[in-house]
Structure formats: C-alpha cells, structure tokens
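**Student:** Here it is, the structure, as structure tokens.
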Amino acid sequence: MGSPINGHATLTRWARRLSKPDRPPRAVLDTDIIYSRVLHELLGRVASELRLFDLFWSEELLAEARRSLVAKKGLPGEVAQRWVAYLPQSFPAGHINLDEAPTAVDLGSLTTDPADHHVCALAVASGADYLFTHDRGYLRAGLAGLGVDVLAPDQFLAPAFDADTRGMLDILELQSHSWAGGRSIEELLAAIERAGAPSLADKARRSLSL
C-alpha cells in the first residue's frame, strides 16, 4: 500500500485537479491495479460515468498486465487478453504510442524498478495527473515534480465518495449487478476492501447501513 497521506490534503488536491478548466484530469493505472479486476473496472466506471478523469494506456502496459495475469493468476492467454482489453475498449482515445512519444526525462529518477520505466514513460507522455498504484517502488518526489501524483486507489476513491455519494453508490450498484454474473453489493464491497480500498468500502457500508 502506498504511504498514507492526510485525508484533508487528499481531498484538497483532488478538488483542485477537478477544477482545471482546460481538460479533465488524466490518469494511468499501474499493472498491479489492472491485475485487480474489481478495482480497475471500478476506476474505469468512475472515469467514464462520473468523468472524474480520463484513463490512458499503452501496449507495453497491457502486455505486462497480460503476462502477470498468466503467470500469477494462472489465467489462459485468451482470458488474460479479454481482461486487459477493458482499457482499449472503454478508452480508445487514451492510447499512447511510447515509440512515438520519447521523453528526455531520466526514468531511473522516477522508480527504483527498471521494469516500471514504461509506466513512468506513459505517465509523462500522457501528461498524467495521477498514477494509481500500490507499488512503493515509484519515487513520488520525482513524479510530483512532473505533475504526477502517485496514489493508492483508495486515496482518490474515498474522497470521491464523500464528494458525490449518490453517484458513487450508483456506480457500485451497477458494478455489483455485472460483476461475476451478478453479486450482492456486500460481496462487491468485500472484494473492493480485499483489493486495497478499505476506506471506500467502509464509507459505502455506512451509507447503506450494511
């Protein structure tokens, strides 16, 4: 889990980004977030239905996520491909060709893991405001200097719930109906908590008196 930050600071930064007049905030999902279907689809719904940010992706990001799903979850290749296809299908305009978007930034100053250089390159090339991840290997100061906030999903989703409780509850209800053929909201919130967003799950439970 990323290092916790003050809740007020999170909400202030979130609100400031949403107030940008020229464009919605931009975000990148790290492969560990794509690995969690419940989280990456929830963030996708927040992006597409509440328009709190636009999502950007690259072929390199999808390829790493696909390899991880096969190696760690044991998914067949075609199932892993359908899993990662959510991003290009839902956000076709978010594609970034890293071969055509070279950067002079020293990627080694943004992460301790060379395997994550392509994620940092994507964040920089897309002009991302947010990089959602649970990976502690990203060098937050370096990325912040380029305008990229490194956040665990819960650090964004919990303040978003406070700001638009009805909208977030509608999204959670829709996701519970489509998730794994249809599950209860209680099961979905339990999965969201296990995936690393306990504050959001707790707020939703209290709002629904569960």
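The values are calculated or read from the model by the stated rules, or taken from the named source; none is laboratory data. Since the structure is predicted, the reported quantities are computational estimates derived from the model, not experimental observations. Virtual Cβ from ideal backbone geometry, glycine too; neighbours counted across all protein chains shown.
**Student:** Determine if region 63-84 includes at least one residue that is within 23 Å of Ala125 (Cα to Cα), of a type in the set (Ser, Thr, Tyr), in contact (Cβ under 8 Å) with a residue 24 or more places away in the chain and in the same structural domain as Asp30 (by TED's automatic domain parsing).
**Tutor:** So far as region 63-84 goes, no, none of its residues is within 23 Å of Ala125 (Cα to Cα), of a type in the set (Ser, Thr, Tyr), in contact (Cβ under 8 Å) with a residue 24 or more places away in the chain and in the same structural domain as Asp30 (by TED's automatic domain parsing).
**Student:** Out of Pro159, Pro88, report the one residue that is part of a helix (DSSP H, G or I), over 13 Å from the mean Cα position of the chain (by Cα), buried (at least 18 other Cβ atoms within 10 Å of the Cβ) and touching a residue at least 24 places away in the same chain (Cβ under 8 Å).
**Tutor:** Only one candidate passes the filter, namely Pro159.
**Student:** Would you please list the contacts, defined by Cβ atoms under 7 Å and residues six or more apart or on different chains, that run from a residue in region 140-151 that is among the charged types (D, E, K, R) to a residue that is assigned to a strand (DSSP E or B) and surrounded by 15 or more Cβ atoms within 10 Å (Cβ to Cβ)?
**Tutor:** Close Cβ pairs (under 7 Å, with a partner that is assigned to a strand (DSSP E or B) and surrounded by 15 or more Cβ atoms within 10 Å (Cβ to Cβ)) amount to Arg140/Val150; Asp149/Tyr130.
**Student:** When you look at Asp116, is it of a type in the set (Asp, Glu), over 19 Å from Ala191 (Cβ atoms) and either in a loop (DSSP other than H, G, I, E, B) or out of contact with any strand residue (DSSP E or B) (no Cβ under 6 Å at 6 or more places or on another chain) (or both), yes or no?
**Tutor:** Against the criterion (of a type in the set (Asp, Glu), over 19 Å from Ala191 (Cβ atoms) and either in a loop (DSSP other than H, G, I, E, B) or out of contact with any strand residue (DSSP E or B) (no Cβ under 6 Å at 6 or more places or on another chain) (or both)), Asp116 qualifies.
**Student:** Quick check on Asp116: is it in the same structural domain as Phe56 (by TED's automatic domain parsing), touching a residue at least 60 places away in the same chain (Cβ under 8 Å) and not hydrophobic (A, V, I, L, M, F, W, C)?
**Tutor:** Yes; evaluated as a whole, the condition is true for this residue.
**Student:** I've got another one for you. Answer yes if at least one residue in region 176-183 is under 26 Å from Gly94 (Cβ atoms) and surrounded by 22 or more Cβ atoms within 10 Å (Cβ to Cβ), and no otherwise.
**Tutor:** Scanning region 176-183, I find no residue that is under 26 Å from Gly94 (Cβ atoms) and surrounded by 22 or more Cβ atoms within 10 Å (Cβ to Cβ), so the answer is no.
**Student:** Moving to a separate point now. I need the full set of residues from region 171-198 which are without any contact (Cβ under 8 Å) to a residue 24 or more places away in the chain and either closer than 24 Å to Ala152 by Cβ or in a helix (DSSP H, G or I) (or both), in order please.
**Tutor:** Answer for region 171-198, where residues must be without any contact (Cβ under 8 Å) to a residue 24 or more places away in the chain and either closer than 24 Å to Ala152 by Cβ or in a helix (DSSP H, G or I) (or both): Glu173, Ser176, His177, Ser178, Ala180, Gly181, Arg183, Glu187, Leu189, Ala190, Glu193, Arg194.
**Student:** A further question follows. Just to be sure, is Leu75 in contact with a Leu (Cβ under 7 Å, 6 or more places away or on another chain), among the hydrophobic types (A, V, I, L, M, F, W, C), at pLDDT below 95 and not in a helix (DSSP H, G or I)?
**Tutor:** Taking the combined requirement at face value, the residue satisfies it.
**Student:** All but one of (1) touching a strand residue (DSSP E or B) at 6+ places or on another chain (Cβ under 9 Å); (2) farther than 24 Å from Val38 by Cα; (3) not basic (Lys, Arg) hold for Ser90, so report the exception by its number.
**Tutor:** (2)
**Student:** On the basis of being under 16 Å from the mean Cα position of the chain (by Cα) and under 21 Å from Gly145 (Cα atoms), does Asp116 make the cut?
**Tutor:** Judged against the criteria, Asp116 is a match.
**Student:** Is it fair to say Arg194 is modelled with pLDDT of 95 or more and farther than 29 Å from Ala128 by Cα?
**Tutor:** Taking the combined requirement at face value, the residue does not satisfy it.
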